[in-house]
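Below is one structure, written out as structure tokens, with a few remarks after it.
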There are 2 protein chains.
Amino acid sequence: MPTRIAEAQWTGTLSKGKGNVITGSGLTRGDYSFASRFESGSGTNPEELLGAAHAACFSMAFAMIVEQAGFTPEKIHTVARVTIEKGAGGFSITGIVLQTEAKIKNIDEKTFQEKALEAKNGCPVSRALASTPISVRATLLK
Amino acid sequence: MPTRIAEAQWTGTLSKGKGNVITGSGLTRGDYSFASRFESGSGTNPEELLGAAHAACFSMAFAMIVEQAGFTPEKIHTVARVTIEKGAGGFSITGIVLQTEAKIKNIDEKTFQEKALEAKNGCPVSRALASTPISVRATLLK
């Protein structure tokens, strides 16, 4: 089974330093900084990369789960929102919200919501993040 | 505090469908598929995006921790390796290895290893991934 690679380099101190990150495929290449992570500076940050991993994993898992239940997934679009907050123990990722809109043939609303929850609980990235509060809001498109 | 956004769309079934993913900054834009995730197809996958989040978070946290201990971080380069494996319950992320090489002024080897472990345990992405086995291998560059 595959092992996937990504690299990041940080140069200098926390507040004045700068970083860059690249994935094995080369499709993600970005600079990041204290400002792009905790303020509104331009660049990437670990939280949006985590959100990308989660949205991608969830969308794929949801397709698999409805397919296994006998439905035909047409399109699943998911936005992940990852919140980081400062508390007594420093910065923490305090929650992830998955907001998904999906077009799935012939599925009823109740089954749709059950399968969305199943995908939220079961996708490999959700399970890796089991110690983080994750919620899903699912809309069935007509 | 910031909430970061990423989006993914999956079209079609698990084996024949295809996906794309984008982060709020726009710096990550990639296609993904069953083949790019579980086989050797070209494209991105959730695991390398998770690795990017983790390597970026760890490198930044390690800089902060050595700085707080009175040392000057010059350069911290980290490779994250994320393994996904198929078991009885389906695919699972079974481990993440962080391999870091760092140039830090005047730090001794023992303190360096302690601080690397502290960064591995304490960085926000590591804590979000607390249910996943994570290890760190740290090399102090002269």
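The values are calculated or read from the model by the stated rules, or taken from the named source; none is laboratory data. From a predicted model like this one, the values you see are computed outputs, not experimental measurements. Counting neighbours? That spans all protein chains shown, and the Cβs are built from the backbone with ideal geometry, glycine included. To get the accessible areas, we keep the full protein, side chains included, count just its heavy atoms, and leave off ligands, DNA and RNA. Shrake-Rupley method; radii C 1.70, N 1.55, O 1.52, S 1.80 Å.
Sorted from shortest, what are the nm distances separating the label point of A:Met1 from equivalent points in the other copies, each placed 7 Å from Cα along Cα to C-beta?
Result, one decimal in nm: 3.1.
In nm, to one decimal, how far is the modelled label at A:Ala130 from the one at A:Lys110, with both set 7 Å along Cα→Cβ?
3.0
Return the percentage of antiparallel bridges among DSSP beta bridges fully within the protein assembly as shown, rounded to the nearest 5 %.
In the protein assembly as shown, approximately 85 percent of DSSP beta bridges are antiparallel ones.
Kindly report, to the nearest 10 Å², the accessible surface of A:Ile5 as traced by a 1.4 Å probe over protein heavy atoms only.
Near enough 60 Å² of accessible area.
Just to make sure I understand: if all protein chains stay in place, what is the order of A:Arg4, A:Arg29 by accessible area at 1.4 Å, largest first?
Ranking A:Arg4, A:Arg29 by accessible area, largest first, yields A:Arg29, A:Arg4.
Distances from B:Gly87 to the same position in the other copies: list them in nm, one decimal, shortest first, using label points 7 Å from Cα along Cα→Cβ.
In ascending order, 2.7 nm.
Using a 1.4 Å probe on the protein heavy atoms only, what accessible surface does A:Lys120 show? Give it in Å² to the nearest 10.
30
Can you figure out the FRET efficiency of A:Ala88 with A:Ser15, using R₀ = 25 Å and their beta-carbon distance, to the nearest 0.05?
0.75
Working out 0.36 nm times the residue gap between A:Ala35 and A:Ala69, then minus their Cα-Cα distance, what length gain in nm do you get to one decimal?
7.7 nm
Pairs of lysines 8 or more apart, or on different chains, with alpha carbons under 12 Å: count those in chain A, would you?
5
Counting only the heavy atoms of the protein chains, how much of B:Ser42 is accessible to a 1.4 Å probe, in Å² to the nearest 10?
Probe radius 1.4 Å; accessible area of B:Ser42 about 110 Å².
Taking 0.36 nm per residue of separation and subtracting the Cα-Cα distance, what length does fully extending B:Lys103 through B:Met1 add?
33.6 nm
Which angle from 0 to 90°, rounded to the nearest 10, does the C-alpha axis of helix B:46-68 make with the longest principal axis of chain B?
Long axis of B:46-68 versus the principal axis of chain B: about 10 degrees.
Sorted by accessible area with a 1.4 angstrom probe, largest first, how do A:Lys103, A:Lys86 fall?
Ranked from most to least accessible, the order is A:Lys86, A:Lys103.
Go through A:Leu117, B:Leu49 and list them by solvent-accessible area, largest first, probe radius 1.4 Å.
Ranking A:Leu117, B:Leu49 by accessible area, largest first, yields A:Leu117, B:Leu49.
Of the beta bridges DSSP finds with both residues in segment A:16-142, what % are antiparallel, to the nearest 5?
75
In degrees, nearest 10, range 0 to 90: what is the angle between the Cα axis of helix B:109-122 and the longest Cα principal axis of chain B?
Between helix and principal axis, roughly 40 degrees.
Given all pairs of different Cα atoms, what value in angstroms does the Kirkwood hydrodynamic radius of the protein assembly as shown take?
Across the protein assembly as shown, the inverse of the average 1/r is 18.8 Å.
What relative contact order, as a whole-number percentage, does chain A give when Cα pairs under 8 Å and 6 or more residues apart are counted?
Relative contact order for chain A comes out at 18 percent.
What net charge do the residues around A:Ala56 carry, taking every other residue with its C-beta under 11 Å from that of A:Ala56, with Lys and Arg at +1 and Asp and Glu at -1?
-3
Whole angstrom only: what separates the Cα centroid of segment B:18-54 from the Cα centroid of segment A:62-92?
Taking the Cα centre of each part, segment B:18-54 and segment A:62-92 sit 14 Å apart.
From the label point of A:Glu109, set 7 Å from Cα along Cα→Cβ, how far away are the matching label points in the other copies, in nm, ordered shortest to longest?
Between copies, matching label points for A:Glu109 lie 6.6 nm apart.
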